[in-house]
Amino acid sequence: MSDAPPATADAESIAALSTGDLVPDEFPDTPPPPAPAARLFEVRPKPGVAESDEGELLEVSIGPHHPSTHGVFRMDVALDGERVRQLKPVFGYLHRNHEKLGESCSYLGSIPYTDRLDYFCSLTNNWAYVLSVEKLAGLAVPERAEYLRVIAAELTRVLNHLCLVGFLVHDMGAMGTPLMYAFREREKILDLFESLTGARMMCNYFRFGGCRCDLPPGWVEVAQRFVDGLPAFLDEFERLLNENEILLARTQGIGVLSPELAVNAGVTGPMLRASGVNYDLRKVDRYGLYDRFPFRVPLGDHGDTYDRYMIRILEMRESHKILTQALRDLPAGPVIDPKAKLRGFRPKAGEAYGRIEAPKGELGFYLISDGSPNPYRYRVRPPSFVNLTILEDMCLGHTLADAVVILGSVDIVMGEVDR
Amino acid sequence: METLEQIAARIAAAVPGVAASVETNPAVRAQSSLVVGRDHALAVARFLRDEPGLQFDYCSNVTGVDWLDATLKEKVRVKRVVDGAEQEFEETVERRRPGYLEAAYHLYSMALRHGPLILRQRTANRVEDTRLASLTPIWRSAEFQEREAFDLFGIVFTGHPDLRRILMWDGFADFPMRKDYVEPDDYEYEPTPHDAVLEKARRHYPVEGAA
């Protein structure tokens, strides 16, 4: 450095203009403290994970705008070569404080907002919410309305699982074709929803004490035709996918979730049952009229991604059984309790937690009433938010490409995760 | 499942020094809660999970609740001597309740298929001391949900492995789910400014020199 030319006034003026990119001639002995943001996202190796002795970990931020993250979801991963050594989910990009909105509008006014939680399954969101309100106020639901709820919820489950399988194989590189087959069936369900509720996705159909309106003429026959065609479609879908070599290679033994961890981490829904834990709220809580319908709860053996795929296919077959019986037995009668008061509804003080088996897992609503027209506390227990807790545990040691598939098998919708 | 009173008695026997009380829920009697002191919450949680007859292995829902300072009106029956005869009167008594933050945990048992048991812990006040015990070491499902309660309510869970904001961004200072949260009055763009918006803008950006 002794041969370096002395600093001139010219060089000084250039340095003064610098934005900080110029490297100083001499480095200070101690590195400057990291910026607060850098400290928050600092990657530390997880204890217990063997570090490789060559090279450094590569930190990659996947998302929030990436097609494989299913919405505005971000994963900060630390990679050793191609292997995931650490994975931190980052969310909040779609946060609009749904719970505050729920606390600032009336009990009735919250129903359309619940559509926007898991926007694939607006009808099950409606159901979980009205179930909590009915529990809070002790309302009864007419039999026909209960049947309509079961039919709507099972159609929603079929729709959700179809899309999930389509997106999952799409993530594995089956670009388009299986997804479009799934969307073709989804379209039929959306048409049914449209003629029933007036909206394809934001259905806003259930009310405390029943449903908003009765079936349009001829609806049952159209629904029956769809339900009758479902097994043939599933057979075709399974023939296409089940033994596909790429699907087997990409999913078997990948992202194994042990039943002990699944229970402890509050994982629910098809993900929990894929790990072999028999816990389906339709059987456990027997809400609605589910004790009238004989159906089985499919369980997985290994808890890997293939089991999570297969559980969804099998659940659609069980939903088909429920739908067939419900459409056959649908009784006549009112669809809403005539004494149910929707506007100016003020339940007595108290609290209630109601939960249902939504397609993604346990969807719960926790309401505290202080006797006013708005809930004092309105809380959503979103299944896909809680199911993401163990995403890191499932992905550690797998390749980055597998992490994408594992995330796809978790089944998240950001409208519900971020709320 | 045993009644909540029986469970509270068993907790009192198993965890020395614990303050556990049952709070009745007037709307749904089966969903009454068990309030425990924060110093013993972790031990109580471990007992609830590991005790063979209870086995609350699944913590479904974790959330915060904000209770402001309030004046509660309670009706009490008092006996008074009127004209030499003792009579019962109903009187309204006002009681001041200092505000606090509360964390509620909805526990179920997947093994025995019972529940829910609602466990609550309460902070000392709403401002200075908002610490509670984290139950993430017992139930992993509380990890993100406690982070959310910290983010939106400002409850500090001691013993949480990774307590950061989760839904709001890291530079955010306030806690939006608190009842006394004031929304920011600035905004970026309003396509059709009208009276209320213009008034808000005038308050936020006062014109210098204007009367």
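Quick notes on this structure:
- Scanning the range A:75-109 for residues that are within 30 Å of residue A:209 (Cα to Cα), within 14 Å of chain B (Cβ to nearest Cβ), touching a residue at least 12 places away in the same chain (Cβ under 8 Å) and not small (Gly, Ala, Ser) yields A:96, A:97, A:98, A:99, A:101, A:103, A:107.
- Qualifying residue in the range A:284-292 (condition: touching a residue at least 40 places away in the same chain (Cβ under 8 Å), within 14 Å of chain B (Cβ to nearest Cβ), surrounded by fewer than 23 Cβ atoms within 10 Å (Cβ to Cβ) and on the phi < 0 side of the Ramachandran plot): yes
- Boolean, residue B:119 is within 14 Å of chain A (Cβ to nearest Cβ), in contact with a Leu (Cβ under 6 Å, 6 or more places away or on another chain) and either of a type in the set (Lys, Arg) or not in a loop (DSSP other than H, G, I, E, B) (or both): yes
- When A:381, A:419 are screened for being within 14 Å of chain B (Cβ to nearest Cβ), in contact with a strand residue (DSSP E or B) (Cβ under 8 Å, 6 or more places away or on another chain), under 30 Å from residue A:297 (Cβ atoms) and at pLDDT below 90, only A:419 passes.
- Scanning the range A:199-250 for residues that are modelled with pLDDT of 90 or more and among the β-branched types (Val, Ile, Thr) returns A:220, A:222, A:227.
- Of all residues making up the range A:352-378, the number that are of a type in the set (A, V, I, L, M) and either part of a helix (DSSP H, G or I) or within 7 Å of another protein chain (Cβ to nearest Cβ) (or both): 2
- Within the range A:235-254, tally of residues that are among the aliphatic types (A, V, I, L, M) and either touching an Asp or Glu at 6+ places or on another chain (Cβ under 9 Å) or under 22 Å from residue A:335 (Cα atoms) (or both): 1
- Looking only at the range B:106-116, and only at residues there that are facing another protein chain (nearest Cβ under 10 Å) and in contact with a Ser or Thr (Cβ under 9 Å, 6 or more places away or on another chain), the one that is nearest to residue A:382 (Cα to Cα): B:106
- Scope the range A:121-143; condition crowded, with 20+ Cβ neighbours inside 10 Å and more than 14 Å from chain B (Cβ to nearest Cβ); matching residues: A:121, A:122, A:123, A:124, A:125, A:126, A:127, A:129, A:130, A:141
- Tally of residues being among the hydrophobic types (A, V, I, L, M, F, W, C) and exposed (fewer than 14 other Cβ atoms within 10 Å of the Cβ) across the range A:221-236: 1
- Considering the range B:24-70, the residues that are surrounded by 18 or more Cβ atoms within 10 Å (Cβ to Cβ) and of a type in the set (Asp, Glu) include one that is farthest from the other protein chains (Cβ to nearest Cβ), namely B:66.
- For residue A:272, the requirement of being part of a helix (DSSP H, G or I) and under 19 Å from the mean Cα position of the chain (by Cα) is met.
- Single residue of the range A:62-118 satisfying the filter (in a strand (DSSP E or B) and among the acidic types (Asp, Glu)) that is surrounded by the most Cβ atoms within 10 Å (Cβ to Cβ): A:80
- Within the range A:330-351, being surrounded by fewer than 24 Cβ atoms within 10 Å (Cβ to Cβ) and outside any loop (DSSP other than H, G, I, E, B) holds for A:336, A:350.
- Output for the range B:129-165, where each listed residue is within 8 Å of another protein chain (Cβ to nearest Cβ), crowded, with 24+ Cβ neighbours inside 10 Å and not in a helix (DSSP H, G or I): B:139, B:141
- Test: residue in the range B:191-201 that is crowded, with 18+ Cβ neighbours inside 10 Å and either in the same structural domain as residue B:24 (by TED's automatic domain parsing) or not in a loop (DSSP other than H, G, I, E, B) (or both): no
- Within the range B:93-133, the only residue that satisfies the criterion of being closer than 20 Å to residue B:148 by Cβ, of a type in the set (S, T, N, Q) and without any contact (Cβ under 8 Å) to a residue 60 or more places away in the chain is B:130.
- Unique residue being under 17 Å from the mean Cα position of the chain (by Cα), polar (S, T, N, Q) and either under 14 Å from residue B:104 (Cβ atoms) or at pLDDT 85 or above (or both) when the list is B:55, B:31: B:31
- Restricting A:108, A:17, A:101, A:22 to residues that are out of contact with any strand residue (DSSP E or B) (no Cβ under 7 Å at 6 or more places or on another chain), farther than 30 Å from residue B:165 by Cβ and at pLDDT 85 or above narrows the list to A:108.
The values are calculated or read from the model by the stated rules, or taken from the named source; none is laboratory data. Fair warning: this is a prediction, and the values are worked out from it, not measured in the lab. Every residue, glycine among them, receives a Cβ derived from its backbone with ideal geometry; neighbour counts consider all protein chains shown.
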